[in-house]
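The values are calculated or read from the model by the stated rules, or taken from the named source; none is laboratory data. Predicted model only: the values in this text are computed from it and were never measured. Positions of Cβ are generated from backbone atoms using ideal geometry, with glycine treated the same way; all protein chains shown enter the neighbour counts.
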Amino acid sequence: MEFKRKPITDIGIDETLKGVDEKKIKRAIDWVLNREASARLKVFVETCMRCGMCTTSCHHYLSHEKDPTYAPAGKVKQTIWDILNKKGKVTKEDIKKYARIVFSECNLCRRCVQFCPFGIDIAYLLSLVRRICCLIGAVPQYIQDQALSHMQTTNMLWFRQDEWLDTVQWLEDELKAEIKDAKIPIGRKNAEVLYLAHGLEAKYMTGLLTNMAKIMNVAKIDWTVPDTDGWDYTNKAFYACDFETMGKIVRTHYEVAFRLNVKKIVMGECGHAYRTGIYEGVRYLGWKESPIPYIHGVQFFYELLKEGRIKIAKKIEEIVTIQDPCNIVRYRGMGKMLRYIVSKLCENIVEMTPKDDHNYCCSAGGGMIDAGPVWKSARMEGGKIKAEQIKNTGAKIVIAACHTCHKGIEDLNEYYKLGVHVKFLTDLIAELMEIPEEMKP
Amino acid sequence: MEQFFKDPSLYTFLRGPMLWLAFLVFFLGIFYRIAITLREAKKEKIVYPYLSLRYTLRSLFRWLIPYGSISMRRHPWFTAITFLFHICLISVSLFLVGHVELWYESWKIRWWTLPVSLADGMTFITIFCIILLILRRLFQSDIRFLTSSSDYLILTLVALPFITGFLAHHELILDYKIMLTIHMLSGEIMLMAIPFTKLSHMFLFFFTRAHTGSEFGAVRHSRDF
């Protein structure tokens, strides 16, 4: 089987490679494979018996007419084994091919790891190749741009600090139309909860931030949002395996929390940022675990409902299915909490098969959606199995507690004409919860 | 050993000094590989701090019992083949009457043995499984894509002691003594290859599972099976 793909041009990769020589490539490879990687790389490469147990676990393989070049071990063969066989002496063309495989044909969802008899961390092996591409600079342009924005502003879309403060203030004003004396406290010291938002919530999806503020107000949470940069929990540098920037972002979040002396950080519905906040970034900074609790939206809502701090007034009657975001389910076992919340909100739930921590990725995760429009076709093709999975449930609403899953499935919905609505828990809860009479304006 | 000095021949060489060498390379090789792996794992900041005995055992249990993992349940035939293959391979090597007799002859130690006909059947199953594994490599597209010549070489390396042992036992093709000589030689080569080839999965299995099992259980709060 040959590696056959339609040509795609990404200036972040192609233009960078024009200015790179093979010496620089070799240096990046040597650094990553000899200095940064160690036992795991060697043992994983050696123990792989090429048994093919991982093959059918991958949604890209299943979505591509069983083309072995999309199988998990097949992707390892075409990248890391190839680099090792060539002893690091690879060409620019090779790097271009590797970058395409690791950025647009693997979501690093780690489903294959669950299927490997040796527990070989295939996603780790492919992320080593991402790291090599990152050191060379050959990373999809959209990821590069967002990572640069993170370096400058600690948010993903070049938002200035005053724009953030301004946005929060007018959102508070608007919320007052719905909730009497609604507050979005900015930079309040000694609050219990520090809420971090998704970058998009401050620009294109402000409704989501408003809804979160609504829930906070109704549940009477002692909360605050940052008054400085560091309000955006996203961490796009992580997708490029730019660990230095990733660490800087996570450190900023904890620094804001320490300065405001809050008890815990609560974030919205996002996958990768949760993972960096709770262990990937935390480990990079030298902590074993997060120094103060770092709570995902799903866990936060679960606790609010369990403790009865919010009450649900009415339930959704339409058929609903649940998307299990890899980063919070396979990576943090939140499947049960997610189902508890959904069971409180919806009458008719039809589950996808497979589900929970064996669920398929939405095909947008791991930076594939962040790689930008040029790679959208790869995402749509790879998501075929996800689209079929959703279609088979007959659901009208898909609940996706992750920004990436949300947008990814919205795109699949359009591409495969699934006729579903994709919903965040935040929006559903804000819509369905009981608002006490005294809080109504 | 003494036999070789009294009567130096290829047979007594393989039965004496060469066997010593094979076991020495086998055990020292394994020890060396494990020591190196454990030392290098220290450089990986995320391995040791997160190791968990509970989740290591959970992971090993799930992957050592047949059909204990979703992956094995999804591949029922392959699972049957690999389990039969590994069980027969290990049991015949350790519990064959002929092998145990040799240990008794040299060291005066003895343990439980397999009935001869059962051992014969298990040898046949081992060879049959190897043929199936080779056919799978040849005809299943995703595995053919991954396979290189070294994979066939390793399967041959494992198959040879069993084929020659089977032929020697039934006194087929070659003279018993010659076949037995080839059998011993191939077995010794296989033993020595274990620590330094992909056959090292025999012991590395426990290390990769410990890491991944702990990572999935203790850090990711989900299942690795």
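Filter the stretch A:209-248 for residues that are more than 23 Å from A:Arg283 (Cα to Cα), hydrophobic (A, V, I, L, M, F, W, C) and touching a Gly at 6+ places or on another chain (Cβ under 7 Å) and give the result.
A:Met212
Taking the residues in the stretch A:26-39 that are under 28 Å from the mean Cα position of the chain (by Cα) and either assigned to a loop (DSSP other than H, G, I, E, B) or in contact (Cβ under 8 Å) with a residue 40 or more places away in the chain (or both) as candidates, determine which candidate is nearest to the other protein chains (Cβ to nearest Cβ).
Among them, the one singled out is A:Ser38.
Go through the residues of the stretch A:75-88 one by one and say whether even a single one is more than 8 Å from chain B (Cβ to nearest Cβ), closer than 30 Å to A:Gly19 by Cα, touching a residue at least 40 places away in the same chain (Cβ under 8 Å) and not in a helix (DSSP H, G or I).
Looking through the stretch A:75-88, at least one residue is more than 8 Å from chain B (Cβ to nearest Cβ), closer than 30 Å to A:Gly19 by Cα, touching a residue at least 40 places away in the same chain (Cβ under 8 Å) and not in a helix (DSSP H, G or I).
Which of (1) in a helix (DSSP H, G or I); (2) within 14 Å of chain B (Cβ to nearest Cβ); (3) surrounded by 23 or more Cβ atoms within 10 Å (Cβ to Cβ); (4) small (Gly, Ala, Ser) does A:Gly52 not meet, given it meets every other one?
Failed condition: (1).
Would you check if B:Ser106 is exposed (fewer than 13 other Cβ atoms within 10 Å of the Cβ), without any contact (Cβ under 8 Å) to a residue 12 or more places away in the chain, over 19 Å from the mean Cα position of the chain (by Cα) and within 30 Å of B:Glu171 (Cβ to Cβ)?
So B:Ser106 does not fit the description; no.
Which residues, counting only those in the stretch B:31-57, are within 22 Å of B:Ser222 (Cα to Cα) and within 28 Å of the chain's Cα centre (by Cα)?
If the condition is that a residue be within 22 Å of B:Ser222 (Cα to Cα) and within 28 Å of the chain's Cα centre (by Cα), then B:Val47, B:Tyr48, B:Leu51, B:Ser52, B:Leu53, B:Arg54, B:Tyr55, B:Thr56, B:Leu57 are the ones that fit.
What about A:Asp67, is it surrounded by 13 or more Cβ atoms within 10 Å (Cβ to Cβ) and on the phi < 0 side of the Ramachandran plot?
yes
Do you know which residues across the stretch B:71-90 are surrounded by 17 or more Cβ atoms within 10 Å (Cβ to Cβ) and either of a type outside the set (S, T, N, Q) or away from every other protein chain (no Cβ under 11 Å) (or both)?
B:Met72, B:His75, B:Phe78, B:Ile81, B:Leu84, B:Phe85, B:Cys88, B:Leu89
Among the residues of the stretch A:372-430 satisfying the criterion of being more than 19 Å from the chain's Cα centre (by Cα) and of a type in the set (Lys, Arg), which is farthest from A:Lys314 (Cα to Cα)?
That would be A:Lys384.
Take residues that are of a type in the set (Val, Ile, Thr) and out of contact with any Asp or Glu (no Cβ under 7 Å at 6 or more places or on another chain) and tell me which of the helices (runs of 4 or more DSSP H) falling wholly in the stretch A:137-229 contain 3 or more.
A:206-218
B:Glu171 passes all but one of (1) within 12 Å of chain A (Cβ to nearest Cβ); (2) over 21 Å from the mean Cα position of the chain (by Cα); which number fails?
(1)
Limited to the stretch B:175-225, what total is found for residues that are away from every other protein chain (no Cβ under 14 Å) and free of Cβ contacts under 8 Å to residues at least 12 places away in the same chain?
Count: 3.
If B:Cys129 satisfies every condition in (1) under 30 Å from A:Lys336 (Cα atoms); (2) more than 9 Å from every other protein chain (Cβ to nearest Cβ); (3) crowded, with 21+ Cβ neighbours inside 10 Å but one, which is the exception?
Condition (1) is where B:Cys129 drops out.
Based on this model, can you work out whether B:Phe26 counts as more than 14 Å from chain A (Cβ to nearest Cβ) and modelled with pLDDT under 95?
No, not satisfied.
Considering only the stretch A:281-376, give the helices (runs of 4 or more DSSP H) lying wholly within it that have at least 2 residues that are closer than 25 Å to A:Phe103 by Cα and within 14 Å of chain B (Cβ to nearest Cβ).
A:281-284
What pairs can you find where one residue is in the stretch A:243-258 and of a type in the set (Phe, Trp, Tyr), the other is buried (at least 19 other Cβ atoms within 10 Å of the Cβ), and their Cβ atoms are less than 7 Å apart, with a gap of 6+ or different chains?
A:Phe243/A:Tyr284
Do we have A:Arg251 as of a type outside the set (Gly, Ala, Ser), closer than 23 Å to A:Val422 by Cα, surrounded by fewer than 24 Cβ atoms within 10 Å (Cβ to Cβ) and assigned by TED's automatic domain parsing to the domain that holds A:Thr224 here?
no
From A:Lys23, A:Lys42, grab the single residue that is surrounded by fewer than 19 Cβ atoms within 10 Å (Cβ to Cβ) and either away from chain B (no Cβ under 11 Å) or aromatic (Phe, Trp, Tyr) (or both).
A:Lys23
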